[in-house]
Amino acid sequence: MWNPEKELFTELYQYPEHLRHTLENLPGSSGVYIFYGDDNAFPLYIGKSVNIRSRVMSHFRNPAEAKLLHMTRDIEHIETTGEVGALLLESDLIKTRRPLFNKRLRTARKLCSIRLQGLTASIVFSDDVDFSHSEDLFGLFKTKMSAVEKIRDIADQEKLCYGALGLEKLTKNRACFRFSLGKCAGVCCGKETPEAHQERLRSALSTLKIRSWPYPGRIAIVEEARGQTDYHVINHWFYLGTVKTLEAAKAFDIAVPHFDRDSYKILCRPLFETDSSKVILLD
């Protein structure tokens, strides 16, 4: 879609000389950077990188970001020990400070997922179901519609029955309309068993399976670099904060307010795909 305001700023783009001095103080290490306008209480944009200086300079070279740079008056940075800390801090700051130009990580607290029970698929919500411990949950969606669309897409790819999936009503002892079009394998009329139908659905959803929280309670993820150590305190996929000592990590105990989609996605890799010795049990 044509955006005349964006086009105007792009055409008028000039290198932001008023920000050149800020580059002198930016480190080449991991962390978060914050663009401010005239009011330092409300950030314009928050980003993260394993090299803050390099990433900020890439903004300076991008004419498409002319509007952001034109509005920016100062750039703050917060160094972290490593990439995991930068990812967690960026996600947390975007949620709490809601910068003008960030949209992606403004995650709604109420999430949906697809639950398989027996031979049926249903949509469940994070305020009704504990996503940290429930089995047979697949996918994290911001709206019920997006979850339904995922089921519909899989049904189209795998020739699953809309009726059996609850997407449309079935007439008893009659095939669905999509069967006559060759788009349903026929569970609705006995051409396929319900078990085979469900297994194909489960197989198609397998890459979206939500992992249950694998620990009894709180943990600390240890991140070390350049002689520094950070302890990222996590409880049931929720990021509680980062401290510098194990004693402080053990004392860091607040209630988990909700299941956090972004923390879950950030933490799956360090918890399941890297050295487990970096994880310390706190409970």
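The values are calculated or read from the model by the stated rules, or taken from the named source; none is laboratory data. Everything numeric here is computed off the predicted structure, so don't read it as measured data. Note: ideal-geometry Cβ built from the backbone for every residue, glycine included; neighbour counts use all protein chains shown. Ligands, DNA and RNA are excluded from the accessible area calculation, which covers all protein heavy atoms including side chains. Shrake-Rupley method; radii C 1.70, N 1.55, O 1.52, S 1.80 Å.
Scanning region 183-198 for residues that are of a type outside the set (S, T, N, Q) and either at pLDDT 95 or above or in contact with a helix residue (DSSP H, G or I) (Cβ under 8 Å, 6 or more places away or on another chain) (or both) returns Lys183, Cys184, Ala185, Gly186, Val187, Cys188, Cys189, Lys191, Pro194, Ala196, His197.
In region 269-279 there is at least one residue that is open to solvent by 40 Å² or more (accessible area, probe 1.4 Å), out of contact with any helix residue (DSSP H, G or I) (no Cβ under 6 Å at 6 or more places or on another chain) and among the aromatic types (Phe, Trp, Tyr). Here Arg200 meets the list (1) farther than 30 Å from Gly31 by Cβ; (2) open to solvent by 70 Å² or more (accessible area, probe 1.4 Å); (3) of a type in the set (Lys, Arg) almost entirely, failing just condition (2).
Asp262 meets the stated requirement of being assigned to a helix (DSSP H, G or I), more than 18 Å from Pro214 (Cβ to Cβ) and open to solvent by less than 40 Å² (accessible area, probe 1.4 Å).
Counting residues in region 115-127 that are of a type in the set (Ser, Thr, Tyr), over 16 Å from Leu160 (Cβ atoms) and not in a strand (DSSP E or B) gives one or more. Checking every residue in region 55-65 against the condition of being assigned to a helix (DSSP H, G or I) and either charged (D, E, K, R) or modelled with pLDDT of 95 or more (or both) gives at least one match. Quick one: in region 56-70, which of the residues that are in contact (Cβ under 8 Å) with a residue 12 or more places away in the chain and among the small types (Gly, Ala, Ser) is least open to solvent (accessible area, probe 1.4 Å)? The selected residue is Ala66. Restricting region 216-259 to residues that are acidic (Asp, Glu) and more than 16 Å from Gly85 (Cβ to Cβ) leaves a set whose member that is surrounded by the most Cβ atoms within 10 Å (Cβ to Cβ) is Asp253. Filter region 136-176 down to residues that are more than 25 Å from Ser113 (Cβ to Cβ) and either small (Gly, Ala, Ser) or at pLDDT 90 or above (or both) and give me whichever is farthest from the chain's Cα centre (by Cα). The selected residue is Ala175.
Lys142 meets the conditions (1) in contact (Cβ under 8 Å) with a residue 24 or more places away in the chain; (2) open to solvent by less than 40 Å² (accessible area, probe 1.4 Å) in every case but one. The failed one is (2).
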